[in-house]
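The values are calculated or read from the model by the stated rules, or taken from the named source; none is laboratory data. From a predicted model like this one, the values you see are computed outputs, not experimental measurements. Ideal geometry is used to build each Cβ from the backbone, glycine not excepted, and the neighbour counts take in all protein chains shown.
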Amino acid sequence: MQKQSIQTITSNLLNSTGCNELPIDVNKIASYLNVTIYAIELPEDISGILDVRTEPIILINKEHVLPRQRFSIAHELGHYQFHHLLGIIHVDKKSYYRNIKSTQGLDIIEIEANQFAANLLMPEDLIRNELEKYEDFIDMDEDIVAIMAAKFNVSVTAMGFRIHNLGYSWP
Ligand SMILES: [Zn+2]
């Protein structure tokens, strides 16, 4: 799965569902894909579960803050789009981004699910539109990243990575 094709897929999904306003309505996209979301009690270290034994279901940890729940839903939708034939139940533990930062990294399906989630919740054109409002945005300004994170309803960490990956500088 190439990065470009992930972007094409998420962009088509956003267009098909009419999701062009912030924050992106990830529940609407799930429902468009006929995936049911349940926010339930899960062990603290479990972020999300994709269960495709019968009807596709995503379980997310209701104790986690909303930006994290939204990212978990998008991440599991990524698995649903690309990997659900690899297993019937997929369980995601811990913070995806914490794992990415480690030198070992993650296996390819986790990277792809993260790229899908980042592209879905933080579309490149919307990020660039928002950042253009800050004429003096040169280096990664923590206040601006926090404002952007709030606008997109994602974590500050996820937003920081996204902006960085789009080629903006990082102190
Ligand atoms: Zn995963």
Of the residues that sit in the range 114-146 and are at pLDDT 95 or above and not in a helix (DSSP H, G or I), which one is farthest from Gly160 (Cα to Cα)?
-> Pro123
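Can Ala39 be described as closer than 23 Å to Ser155 by Cβ, outside any loop (DSSP other than H, G, I, E, B), in contact with a Ser or Thr (Cβ under 9 Å, 6 or more places away or on another chain) and among the aliphatic types (A, V, I, L, M)?
no
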From the list His164, His90, which one is touching a Leu at 6+ places or on another chain (Cβ under 6 Å), modelled with pLDDT under 90 and not aliphatic (A, V, I, L, M)?
-> His90
